[in-house]
Amino acid sequence: MSEADRGARGLEARLVVRRGAFDLDLALTAAPGEVVALLGPNGAGKSTALRALAGLVAMAGGHIRVDGDDLRPLPPDRRRIGMVFQDYLLFPHLSALENVAFGPRCQGAGRRAARRRAAEWLERVGLAEFASARPRALSGGQAQRVALARALAVDPGLLLLDEPLAALDVHTRMDVRAALRRHLAGFGGAAVLVTHDPLDAMVLADRIVVIEGGRLVQEGTPAEVARRPRTGYVARLVGLNLYRGRAEAGTVTIEDGTGTVEDGAATLDTVDSLEGEVFLAFAPSAVALYRTRPDGSPRNLWRARVAAIERHGDRARVRLAGPPFDAVAEVTPAAVAELQLSEGSMIWAAVKATETHVYPA
Amino acid sequence: MKDADRLAGRPPLVLLVPALAGLAFLVLPLAGLLVRAPWSTLGTRLMQDQVLDALRLSLVTATLATVLCLLFGVPLAWMLARVPFRGVRLVRALVTVPLVLPPVVGGVALLLVLGRRGLVGGWLDEAFGITFPFTTAGVVLAETFVAMPFLVISVEGALRAADLRYEEAAATLGAGRWTIFHRVTLPLVAPGVAAGAVLCWARALGEFGATITFAGNFPGRTQTMPLAVYLALETDPQAAIVLSLVLLAVAVIVLAALRDRWMTTS
Amino acid sequence: MRTWIAIAAAALLVTGAAGCGEAGDGASGSGGGDGGGTLTVFAAASLTEAFTSLGATFEGTRPGVRVRFNFGASSTLAQQITQGAPADVFASASPATMKTVTDAGDAAGRPQVFTRNRLVIAVPKDNPGRVAAVGDLSRPGLKVVLCAAQVPCGAAAAKALGAAKVEVEPVSREKDVKAVLTKVGLGEADAGLVYRTDVKAAGDRVTGIEFPQAAQAINDYPIVAVARAPQGALAKEFIQLVLGPQGRTVLGRAGFEAP
């Protein structure tokens, strides 16, 4: 760790938490103004990481620096962080205004000053007229905005959001997500957001950190993560077929593949010129299905068994089972009928080399 | 909400019958008192100075005892619910001792500790000239001793049921432990505290055994209503019934008033 | 003392309702004639030691017979009997209390005085108030406890102190003589008026100081068989035992005087 890192602004942390069989070891950074989303399946350690940042979970090692200060030795109440909890946890016995004024009061502001600051924040999140309302009287979206105002009213150096949209229904969620994005954009400090919803992560975050089993598995901008998933979990989240393999002269031999593509090994041709260990990804919509072997054979052609057919929006997702490898194809419902697809039937699948995307593993 | 309303309408007989039997068991003795009450002489009996003295003393001491229970019992309940320490089970069991101890034994125990020659009382007497037996303060102590478990158990239950994450939320907002306790935890468990205080007050108001054993019986100073009732029973059972009814009526009125004010707000 | 309070409290709660449940259960569960059976004796608390001993003697000479005692404040016992509690014998510490039972028509025959008790000044073993005579009880600052006027020992105390022309301002008027004794025994009070038998029963925790004016407040103990007693014959035999030489000896040992 260099001196420059130590004095860096924003969040710079290594979180080590041990809890029985589970252990979390995660390096995490967030520049001032940057929103980092922690994305991962249930039990991956996202919330634990967030609670460790807040000081609500004891750390077995590591450090937490915000704007150069090490927060790890400090109790939660002295860390100057703002946290928005999953179900907001607005104090039920206090009005919206008093909830927001709670933090400033604790920081030593006078009653009047705290209330003034709280009123400003409520104004900013568009809830000025709900100042005297009890949390019970607020809708889910309003409660979320009060929780955000409450967290921001302490002027935190670091903002933590634990599944801030999970408690909302689909319709409110869209509006609240858009509003949250605006407020996050206006926040000057580092922000860490925990979510299991890729869409929330894509919309709200500048950078995504994917964790699985307590470890970082991928990190990048939303676009990078979406285009170049590095684990099956991420690939499924962003809806891509993902394979790991070895590239040699424009052909990728799939690592876990068996049997043949057409006649040879489980290989796919690409137009990339990478060599060595690679990931290969292609979209389900890039897969074409044929009832009989097509003429003029495209190069990546294989025979597959239909394992399942699921409706996905106005399209149908066809799960293809190997050998040579598993894949998902997306076709129109009309095509399902035309091809007379049913579970267990055998079909031909093809993907153009130009539709595949190869990147280093 | 809708489901609850729909279910509320028809209680099954299996519950209804024992519920009514239980209610009858609790209410019939009261009916017995009402039936045997000497209604014609009620007014004159009530206006006796000794009755009013005893009633005033009962209300004052029960209220003071409740205040003491709150001052010491709420922090104790908090310790039991929130601070993990070795022997917490033992301490919890010890807290309930006054519940199972016959009050008279409790009174003797208090004498042994806080009496003029007690472990602590002897020192208090020598150093400060403070003695508790035969004083109103002694009545308050006896009532506090017997009533405190009701408060501690009630508040501890409420604290255990409370969502700890509110306290975490308060901590992230910069609240220290004391601020969290009095601005978040306490308001959240307020219904439990209120229920405990009411139980506590009722128990203190009806306290007899520990009071008479520890503080004695002297009109205007240590003779509370239950003591007056007991002694009236010796010579004039009719008067005892009147006194009991007064105590009951006052208790019911106070509790009903508190219930309307406190219990329904949360 | 514990059961005593429980019984008193129960009596208080069910005044006008069913009477005493516990004693009723015991008697009805084991009644029966032909030599066997359970005799139920309601007796003043001060008789506990003497009657328990006499009960054992009674059982020893009558195989199959059991004696159950309900010791308590005479007034409480009288109230239980007039409310229908199934007692066979009632031994009271005061003729006044006995009168409530005879007036209610609950006595079989006339009560007989079988023993007497007199008041003494009880002081803690080390006598911190340096009480020597009854006149000392009026000394300011001395903590004196008496029985409440409503209970027999309180009335007796008033009478004796009146005879001695001593004005006493007690710190407490206790509900019964045992409570007076407790406070004196623990040193909370400097002196109290109790019965001679109580000082005897208390062992060496308290010292008794006799005073002549106590003769003005001698307490007579009447005994009677209860009307409609489940064990009428046994009741008469037990009363004979109490009145006889054996009873006199046992009672004398406990500090009572012959009538």
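Some values worked out for this structure:
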| item | result |
| --- | --- |
| A versus B: buried accessible surface, summed, Å² (probe 1.4 Å, to nearest 100) | 1800 Å² |
| Label-point gap, in nm, between C:L243 and C:K125 - each point 7 angstrom along Cα→Cβ | 4.2 nm |
| Solvent exposure ordering (accessible area, 1.4 Å, most first) of A:I309, B:I153, B:I253, C:I209 | B:I253, B:I153, A:I309, C:I209 |
| FRET efficiency estimate (nearest 0.05) - Cβ-Cβ, B:R89 to B:W123, R0 45 angstrom | 0.90 |
| Estimated FRET transfer efficiency (A:A119, B:L112; beta-carbon r; R0 56 Å; 0.05) | 0.40 |
| C:K183, C:K99, ranked by accessible area, largest first (probe 1.4 Å) | C:K99, C:K183 |
| Calculated [θ] (222 nm, deg cm²/dmol) that DSSP helices of n ≥ 4 give over the protein assembly as shown, each run adding -39,500 (n - 2.57) | -13500 deg cm²/dmol |
| Local electrostatic count at C:Q112 - Lys and Arg +1, Asp and Glu -1, tallied over other residues with Cβ under 15 Å | +3 |
| Within a Gaussian network of chain A (alpha carbon springs, distance under 10 Å), most fluctuating of A:T172, A:T29, A:T48 | A:T172 |
| Which of A:A281, A:A329, A:L301, positive extreme of dipole for segment A:239-360 (C-beta unit charges) | A:A329 |
| Descending semi-axes in Å of segment A:25-89, equivalent ellipsoid built from Cα gyration tensor | 18, 14, 14 |
| Whole-number D in µm² s⁻¹ for chain A, Kirkwood Cα-pair radius fed into Stokes-Einstein, 25 °C, 0.890 mPa s | 107 µm²/s |
| Gain on full stretching of the segment that runs from C:A132 to C:K165 - 0.36 nm per residue minus C-alpha separation | 10.3 nm |
| Cα Rg, Dmax, segment C:59-129, angstrom units | 16.6, 52 |
| Per-residue ³J(HN,Hα) for segment A:83-89, Karplus 6.51 cos²θ - 1.76 cosθ + 1.60, θ = phi - 60°, Hz, x for Gly and Pro | 10, 9, 8, 3, 10, 6, 6 |
| Using θ = phi - 60° and Karplus 6.51 cos²θ - 1.76 cosθ + 1.60, couplings along segment C:56-69 (whole Hz; Gly, Pro as x) | 5, 4, 4, 5, x, 8, 10, x, x, 9, 10, 10, 10, 10 |
| Solvent-accessible surface (1.4 angstrom probe) belonging to A:H93, in square angstrom, nearest 10 | 40 Å² |
| Extension gain (nm, one decimal) between B:R165 and B:V14, 0.36 nm per residue minus Cα-Cα | 50.5 nm |
| Cα-based Lys proximity count in the protein assembly as shown, under 21 Å, for pairs eight or more positions apart or on separate chains | 18 |
| Two-decimal Rg to Rh for chain C - Kirkwood Rh, Cα set | 0.99 |
| B:M79 - accessible surface, heavy atoms, 1.4 Å probe, Å² rounded to 10 | 80 Å² |
| Point-to-point label distance, A:R236-A:T221, nm (Cα→Cβ direction, 7 Å offset) | 2.8 nm |
| Distance in nm between pseudo-label sites at A:D69 and C:K236 (7 Å out along the Cβ direction from Cα) | 9.9 nm |
| Cβ-based charge dipole, chain A, positive-most Cα from A:V210, A:F85, A:A316 | A:F85 |
| Alpha-carbon Rg with Dmax, taken over segment A:174-258, Å | 16.0, 52 |
| Cβ-based net charge around B:G174, under 9 Å, with every Lys or Arg adding one and every Asp or Glu removing one | +3 |
| Rule-of-thumb Rg ratio for chain B [Cα; 2.2 N^0.38 Å; N residues] | 1.18 |
| Long-range amide H partners of A:A60 with built H, under 5 Å | A:V16, A:V17, A:R18 |
| Among A:L11, A:L24, A:L339, residue whose mean-square fluctuation peaks in a GNM of chain A (springs only between Cα atoms under 10 Å) | A:L339 |
| Solvent-free Debye scattering, log10 I(q)/I(0), computed from the Cα coordinates of segment B:204-264 at q = 0.11, 0.12, 0.24 Å⁻¹ | -0.31, -0.36, -0.96 |
| For B:L164, solvent-accessible area (1.4 Å; no DNA, RNA or ligand), Å² | 90 Å² |
| DSSP bridge orientation in the protein assembly as shown - percent antiparallel, rounded to nearest 5 | 70 percent |
| B:L26/B:Q238 FRET efficiency (R0 30 Å; Cβ-Cβ; nearest 0.05) | 0.80 |
| Per-residue HN-Hα couplings for segment B:213-230 [Karplus 6.51, -1.76, 1.60; θ = phi - 60°; Hz; x = Gly/Pro] | 6, 7, 9, x, 9, 9, x, x, 10, 10, 8, 8, 4, x, 5, 4, 4, 4 |
| Cut-off under 5 Å, modelled amide H: who pairs with B:F134 long-range | B:A215, B:G216 |
| Principal axes of segment C:119-217: Cα extent on each, largest first, Å | 28, 25, 23 |
| Sequence of A:Y243, A:Y359 when ordered by accessible area, the most exposed leading, probe 1.4 angstrom | A:Y243, A:Y359 |
| Dimensionless Rg/Rh of segment B:9-103 - Kirkwood Rh, Rg from C-alpha atoms | 1.15 |
| Overall form of the protein assembly as shown per C-alpha gyration tensor (a/c, 1.5; a/b vs b/c) | prolate |
| Length gained when the stretch A:T172-A:D314 is fully extended (0.36 nm per residue, less Cα-Cα span) | 48.8 nm |
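The values are calculated or read from the model by the stated rules, or taken from the named source; none is laboratory data. It should be emphasised that the depicted structure is a prediction, and the values quoted were computed from it without experimental measurement. Note: ideal-geometry Cβ built from the backbone for every residue, glycine included; neighbour counts use all protein chains shown. What goes into the accessible areas is simple: the full protein's heavy atoms, side chains included, and nothing from ligands, DNA or RNA. Shrake-Rupley method; radii C 1.70, N 1.55, O 1.52, S 1.80 Å.
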